[in-house]
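The values are calculated or read from the model by the stated rules, or taken from the named source; none is laboratory data. Everything numeric here is computed off the predicted structure, so don't read it as measured data. Note: ideal-geometry Cβ built from the backbone for every residue, glycine included; neighbour counts use all protein chains shown.
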Amino acid sequence: MANPVLHIKDSYYFEVPKVLAPSDFRSLEDFPDVWTRLDPEFQQWEFDRQFEALKGVHEHGQRLLLHPKELYHKAWQEWVESDHANDGKPFDVFIEETLDAQVAVWKNWQKARLAEATAANDASSAEQTTSTDFNAFISNSTLEVEVPHPELIPFTRWIHEVKAQSAYSLAPNEWDLLKKEAGMSKNIARHSSAMRSRSGARRKSTATITISREKS
């Protein structure tokens, strides 16, 4: 669980004079996107959009083989709560940091196997290890290597390949575009509008109950 005491302890707050940072916010749309992006309700909404987009992704002509949506949501929430350093991080960051961790496991595996092959003067094993790329490593369950969050492998394998193919391109890759579409400004405004509608409905319902009680 994230420790709220440590979270507060590691935070720093500064009061900026209004003259140095003037603002005139009159509605939710006036605030910077970051205020909405850090909102838990928005992150839940963004998770739904990202997952729906990932369901449409094709890898080598085939759709990604995914687990039920609830499993990914549970894994994400448990990861957020497992360390205060993860507090407030959205689903896409969960995937990307898991990818980094899985790549580290793959490289450590290669290093250890190459050391063994060199010590045994086994050229065949060394060549096989060197030729095992991340895709082959992460897809091979017979290697008996523990990787973090194996349920995310369909995502991380695809993203790793997308990033490798676009390494020398200045244009945003398919994963970047997917994230942008799921959380772009017009969608933030749409989410904010939905939040206001729900809030207004709750206030209206409360007022109706109050009036009914007064009449009774």
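Table: residues versus (1) more than 19 Å from GLN44 (Cα to Cα); (2) out of contact with any Phe, Trp or Tyr (no Cβ under 6 Å at 6 or more places or on another chain); (3) assigned to a loop (DSSP other than H, G, I, E, B).
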site	(1), (2), (3)
HIS67	no, yes, yes
LYS74	no, yes, no
GLN77	no, yes, no
ASP92	no, yes, no
GLN102	yes, yes, no
ASN108	yes, yes, no
LYS111	yes, yes, no
* Structure fact -> Checked the range 54-65 for anything assigned to a helix (DSSP H, G or I) and in contact (Cβ under 8 Å) with a residue 60 or more places away in the chain; matches are LEU54
* Go through the residues of the range 125-142 one by one and say whether even a single one is touching a residue at least 60 places away in the same chain (Cβ under 8 Å) and within 21 Å of ALA75 (Cα to Cα). => no
* Could you tell me whether GLU97 is farther than 21 Å from PHE134 by Cβ and either part of a helix (DSSP H, G or I) or out of contact with any strand residue (DSSP E or B) (no Cβ under 9 Å at 6 or more places or on another chain) (or both)? => no
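The rows are residues; the columns are (1) loosely packed, with under 13 Cβ neighbours inside 10 Å; (2) small (Gly, Ala, Ser); (3) outside any helix (DSSP H, G or I); (4) modelled with pLDDT under 80.
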position	(1), (2), (3), (4)
SER11	yes, yes, yes, yes
PRO22	yes, no, yes, yes
ARG26	yes, no, yes, yes
GLN43	no, no, no, no
GLU52	yes, no, no, no
* Which of the residues that make up the range 102-146 are farther than 25 Å from HIS60 by Cα and acidic (Asp, Glu)? -> GLU116, ASP122, GLU127, GLU144, GLU146
* Structure fact -> Among residues of the range 79-90 being in contact (Cβ under 8 Å) with a residue 12 or more places away in the chain and in a helix (DSSP H, G or I), the residue surrounded by the most Cβ atoms within 10 Å (Cβ to Cβ) is VAL80
* Structure fact -> Counting only residues that are closer than 26 Å to TRP109 by Cβ, charged (D, E, K, R) and surrounded by 12 or more Cβ atoms within 10 Å (Cβ to Cβ), the range 128-185 contains a total of 5
* Asked: Restricted to the range 28-41, and to residues that are in contact with a helix residue (DSSP H, G or I) (Cβ under 9 Å, 6 or more places away or on another chain), in a helix (DSSP H, G or I) and within 23 Å of LYS69 (Cβ to Cβ), which residue is modelled with the highest pLDDT?
  -> GLU41
